[in-house]
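Heads up: the structure comes next, in structure tokens.
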Amino acid sequence: MLCEKCQKEEASVHVTKIVNGHKTETHLCQHCAKELGEFGLSIDLPNLFASLFDYSPFGGKLAAPKQCPTCGSTMEDFRQLNQFGCSDCYVTFRDEVEPLLRRLHGSSHHEGKVPAQGYAALSAERQVKMLRERLQQMISLENYEEAAKIRDQIRALERQAHREGE
Amino acid sequence: MSKSWTKEEGPQGDICLGTRIRLARNLAKVPFPATANREQAKQVLKKGKELVESLNHLASVKYYELAEVDELERQVLMEKHLISPEHTKKTSNKGLILSENEDISIMVNEEDHFRIQVFLPGLQLKAAWELANRVDNLIEANVDYAFDPDIGYLTACPTNVGTGMRGSVMLHLPALARINQLENVLRSVSQFGLAVRGLYGEGSESYGSIYQISNQISLGHSETEMLEHLSRVAHQVISSERQARQYLQEQNRDENEDQIHRAYGLLTHARIISSREAMDLLSTVMLGIDLGILRDLDRGLVKKLMVEIRAAHLQKMMGQSLPAQERDRLRASLIRDRLSRQI
């Protein structure tokens, strides 16, 4: 079958569209399909990001554009550049960022490394969490000697966190 | 990759050519590089330069301002993966901290203020993470990082938020390619939430059956969990490649040996060769060495050639820029020279 558009190349892309219950079929060669944008492969990143945001269901953008007080960026800037202007944008646009992060990473909560300076309590909390997981592991392996050691480590960390909290 | 990458083999080194860990970090209260004004960018550079002293406790490092590094040298750094393509193009207010044996590189004012990279030969995700973590700790003692208790390290692009970490392994998969199983394997890798790329990162095609596999997400799991996941999948791919190699030897021996000897023949006799063709042939020759078919060749030399034949490396060797046709001649003669000295 020849491409319906150029009538030269062999059609290798077959597009079936159903719009309002009306079905159309188009047969195109790869070249024409790409040109007509019928090829699913030419996704560009800005559009992809834009589609990951919640737009209002009636098309228009929501309310007046918010601006980051530190760098002056707006969400529109982000949609164009795929980058935020500064780290404060994450605070300014928190409501927009959270769903985006969940879609990108499947989560919006950091579980990894924490800077030692200024985040001692959080760092201890992470450590305790990790140790508890290992404790469970050791118990299920019936390695009670190691489990007891880990339990003591957890207690020490908790006592320390408690003292610092006072 | 780095010097250590080409010099040593490392664990699983017959298939895993190298491991890289990258951490994206930014300074609190300073706009990201794309938005920062000149003053702010200079302030970040100055911070970067000051880091050298404390980093020297860990490894012997030097600071470079990219505007002062000539273009060819920048290209060479890029071909070794020590800096990104972006970092070679616009050079104003961009910096680089590089360790002497090239296992640590820190790009200053790339997409983020600091991009810490660690390179190790073979499959060594855990060791690479430990080294990157130590570098990060040393930097952190001197600067205030942009960090949010809920969403972690803050980066210019939200795809890197959280740990700011990307771990990648570079795998040589010629046997899977030969038995047409590569696509299957790589497709299943991507179903595990990992990304597959060619040799030079984002969007680059593969040369010489070399692929990078890396974690796609950076948030929601600890660094160790993400790297364990990556490591498990890498081990799976490596074991598929081993099976494919065995299959080639058992089921397809004559044809396989023919192709390997032909590749060697072309490399030792060609007068004009593109980097693409050379990479593909060197990959085949390396497979021949790994399978014990080409016995007298030094594997390290072939691995080193895979880097040396790249455009900027060749031009640096000649001390001048050369048109593509000249490079193709020079490349062919370099390969002939290196391989013939072997016998």
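The values are calculated or read from the model by the stated rules, or taken from the named source; none is laboratory data. These figures come from a predicted structure and were not determined experimentally. Cβ coordinates were reconstructed from backbone atoms using ideal geometry, including for glycine residues, and neighbour counts include every protein chain displayed.
List of remarks:
- From the options A:PHE78, A:PHE84, residue that is of a type outside the set (D, E, K, R), within 22 Å of the chain's Cα centre (by Cα), modelled with pLDDT of 90 or more and under 16 Å from B:PHE147 (Cα atoms): A:PHE84
- Number of positions in segment B:126-179 that are closer than 16 Å to B:HIS221 by Cβ and β-branched (Val, Ile, Thr): 4
- Where A:THR16 falls short, out of the listed (1) of a type in the set (Ser, Thr, Tyr); (2) at pLDDT below 80; (3) crowded, with 17+ Cβ neighbours inside 10 Å: (3)
Let's see how each residue does on (1) modelled with pLDDT of 95 or more; (2) in contact with a Ser or Thr (Cβ under 8 Å, 6 or more places away or on another chain); (3) assigned by TED's automatic domain parsing to the domain that holds B:GLY300:
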position: B:SER209; (1), (2), (3): no, yes, no
position: B:SER231; (1), (2), (3): yes, no, no
position: B:ALA234; (1), (2), (3): yes, no, no
position: B:ILE272; (1), (2), (3): yes, no, yes
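- Within segment B:103-124, restricting attention to residues that are surrounded by fewer than 23 Cβ atoms within 10 Å (Cβ to Cβ) and over 13 Å from the mean Cα position of the chain (by Cα), the residue that is farthest from the other protein chains (Cβ to nearest Cβ) is B:GLU110.
- Considering only residues in segment B:138-159 that are more than 7 Å from chain A (Cβ to nearest Cβ) and under 24 Å from the mean Cα position of the chain (by Cα), the one that is farthest from B:HIS57 (Cα to Cα) turns out to be B:THR155.
- Residue list for segment B:281-316, filter: assigned to a loop (DSSP other than H, G, I, E, B) and touching a Ser or Thr at 6+ places or on another chain (Cβ under 9 Å): B:ILE309, B:ARG310
- Being part of a helix (DSSP H, G or I), basic (Lys, Arg), touching a residue at least 60 places away in the same chain (Cβ under 8 Å) and out of contact with any strand residue (DSSP E or B) (no Cβ under 9 Å at 6 or more places or on another chain) is true of B:ARG242.
- Applying the criterion of being within 7 Å of chain B (Cβ to nearest Cβ) and hydroxyl-bearing (Ser, Thr, Tyr) to the residues of segment A:74-118, the residue that is nearest to B:ALA28 (Cα to Cα) is A:SER87.
- Pair list, Cβ under 7 Å, 6 or more apart: segment A:104-127 residue at negative phi and surrounded by 15 or more Cβ atoms within 10 Å (Cβ to Cβ), other residue of a type in the set (S, T, N, Q) and not in a helix (DSSP H, G or I): A:HIS105/B:SER218; A:GLU111/B:SER222; A:GLY112/B:THR163; A:GLY112/B:SER222; A:LYS113/B:THR163
- One residue stands out in segment B:210-225 among those that are within 8 Å of chain A (Cβ to nearest Cβ) and not small (Gly, Ala, Ser): the one that is surrounded by the fewest Cβ atoms within 10 Å (Cβ to Cβ), namely B:GLU225.
- Residue within segment A:119-130 that is closer than 27 Å to B:ALA28 by Cα, at pLDDT below 90 and in contact with a strand residue (DSSP E or B) (Cβ under 8 Å, 6 or more places away or on another chain) present: yes
- Of all residues making up segment B:28-40, the number that are among the hydrophobic types (A, V, I, L, M, F, W, C) and crowded, with 21+ Cβ neighbours inside 10 Å: 3
- Selection of segment B:56-95 for residues being among the hydrophobic types (A, V, I, L, M, F, W, C) and within 22 Å of B:GLY319 (Cβ to Cβ) yields B:LEU66, B:ALA67, B:VAL69, B:LEU72, B:VAL76, B:LEU77, B:MET78, B:LEU82, B:ILE83.
- All of (1) at pLDDT 95 or above; (2) closer than 30 Å to B:ILE238 by Cβ; (3) not charged (D, E, K, R) hold for B:GLN12 with one exception: (1).
- Taken over segment B:165-180, the criterion of being within 21 Å of B:ARG232 (Cα to Cα) and part of a loop (DSSP other than H, G, I, E, B) is satisfied by B:LEU173 alone.
- Within segment A:150-166, the set of residues being loosely packed, with under 13 Cβ neighbours inside 10 Å and either modelled with pLDDT of 90 or more or more than 34 Å from the chain's Cα centre (by Cα) (or both) comprises A:ASP152, A:ARG155, A:ALA156, A:ARG159, A:HIS162, A:ARG163, A:GLU164, A:GLU166.
- Those residues of segment A:80-103 which are in contact (Cβ under 8 Å) with a residue 24 or more places away in the chain, surrounded by 15 or more Cβ atoms within 10 Å (Cβ to Cβ) and either touching a helix residue (DSSP H, G or I) at 6+ places or on another chain (Cβ under 8 Å) or within 18 Å of B:THR163 (Cα to Cα) (or both), in sequence order: A:ASN82, A:PHE93, A:GLU96, A:LEU100
- Within segment A:61-73, no residue satisfies the criterion of being within 9 Å of chain B (Cβ to nearest Cβ) and of a type in the set (Lys, Arg).
- In segment B:317-332, the residues that are touching a residue at least 60 places away in the same chain (Cβ under 8 Å) and surrounded by fewer than 18 Cβ atoms within 10 Å (Cβ to Cβ): B:SER321
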